[in-house]
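Here's the structure we're looking at; comments come further down.
The values are calculated or read from the model by the stated rules, or taken from the named source; none is laboratory data. Keep in mind that what you see is a predicted model, and the values were worked out from it rather than measured. Cβ coordinates were reconstructed from backbone atoms using ideal geometry, including for glycine residues, and neighbour counts include every protein chain displayed. In case anyone asks, the SASA skips ligands and DNA or RNA and just uses the protein heavy atoms, side chains included. Shrake-Rupley method; radii C 1.70, N 1.55, O 1.52, S 1.80 Å.
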Amino acid sequence: MSTQIMETELQDKVAIITGGTSGIGRETAVLFAGAGAKVVVAGRRENEGNETVSLIEAGGGIGCFVQTDVSKAGDVEELVKKTVATYGKLDLAFNNAGIEGEWVPIVEQTEESWDQTIDINLKGVWLCLKYEIQQMLTQGSGGAIVNMSSICGHIGAATAATYCASKHGVRALTKSAALEYARVGIRVNDVCPGGIETPMADRLFGEPEVHEYTVGMHPLGRLGKPHEIADAVLWMCSDRASNMTGQSLSIDGGFLAGPNPPEA
């Protein structure tokens, strides 16, 4: 795609990106702004959120930060209200906020850890969908939403049952919302990354042996880059994906294709 098209791809659109303080969320926020959107960066960490806005503005884009805990209905409702008060409308959303939680066997999982992971990864997406779609319905001009799932939304993983459950749930929410609002022009899809070079991946797979094992599970032989997910999310939110809804897009280095055969 040419630079000229990129700079106008989302012209005059207004977008919310949750979890925009680092990693994939930050990369997507900067990319959306570079494509012409006015971007509201949402997250719990104010300093990092303002850093993302500074990156947006350094590239000539328009954006602001709204401190938001997506597990709290009042925060999400206020996020949408502030978006509309600042920029007049809401066209696009990337519901990206999430945590890895505690990766331990089921019998060792605490109720507190379960609740926190589900509240942010699953309830948070539901709350975002609820208030984003309400606003889009009020406007009557449709919209596009992408939810953050994971390859763990397609499989089970030992010691990661809670995380997997949250991401399977996101895929179900996506399909249900897509069916409910397709006739009014609101498209809802989700993206399912494999291992991506982010702070979360560093926490999970940072040890050299674990990193090597994780990379080995991806047939392409590497972890993905945040911009590779951001590029896909931009496309999913653009008019070029106008006939796509209720779908999960896996960007996983071949992970879900099957077991990675050993090198000859």
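Things worth noting here:
- Cα-based equivalent ellipsoid of the range 155-218: semi-axis lengths in Å, sorted from largest, via gyration tensor: 32, 13, 9
- Rounded FRET efficiency, nearest 0.05, which uses the C-beta distance separating residue 220 from residue 244 and R0 of 30 Å: 0.80
- Each Cα pair under 8 Å and six or more residues apart adds its sequence gap; the mean of these over the residue count of the range 1-132 is a relative contact order of 25 percent.
- Taking every Cα-Cα distance in the range 167-264 and sorting them into 5 Å bins from zero, the calculated P(r) comes out as 2, 13, 18, 19, 18, 13, 9, 6, 2, 1, 0 percent.
- Apportionment of accessible area to carbon and sulfur, the range 19-125, percent (1.4 Å): 47 percent
- Rolling a 1.4 Å probe across the protein heavy atoms gives the chain an accessible surface of 47 Å² per residue.
- Mean Cβ neighbour count within 10 Å, used as a protection proxy, ranking 105-111, 59-65, 148-154 highest first: 148-154, 59-65, 105-111
- Kirkwood's formula applied to the C-alpha pairs of the range 14-68 gives a hydrodynamic radius of 10.1 angstrom.
- For the chain, the Stokes-Einstein estimate of translational diffusion at 10 °C and a viscosity of 1.306 mPa s comes to 86 µm²/s, using the Kirkwood hydrodynamic radius over alpha-carbon pairs.
- Legend: helices of the chain (whole DSSP H runs) are marked when their alpha-carbon atoms reach 15 angstrom or more along the helix axis and their mean Kyte-Doolittle hydropathy is at least 0.0; marked are 23-34, 124-139, 226-237.
- Long-range amide H partners of residue 250 with built H, under 5 Å: 192
- Debye log10 I(q)/I(0) at q = 0.08, 0.12, 0.19, 0.21 Å⁻¹ for the range 1-151, Cα point scatterers: -0.22, -0.49, -1.10, -1.29
- Gain on full stretching of the segment that runs from residue 257 to residue 227 - 0.36 nm per residue minus C-alpha separation: 8.6 nm
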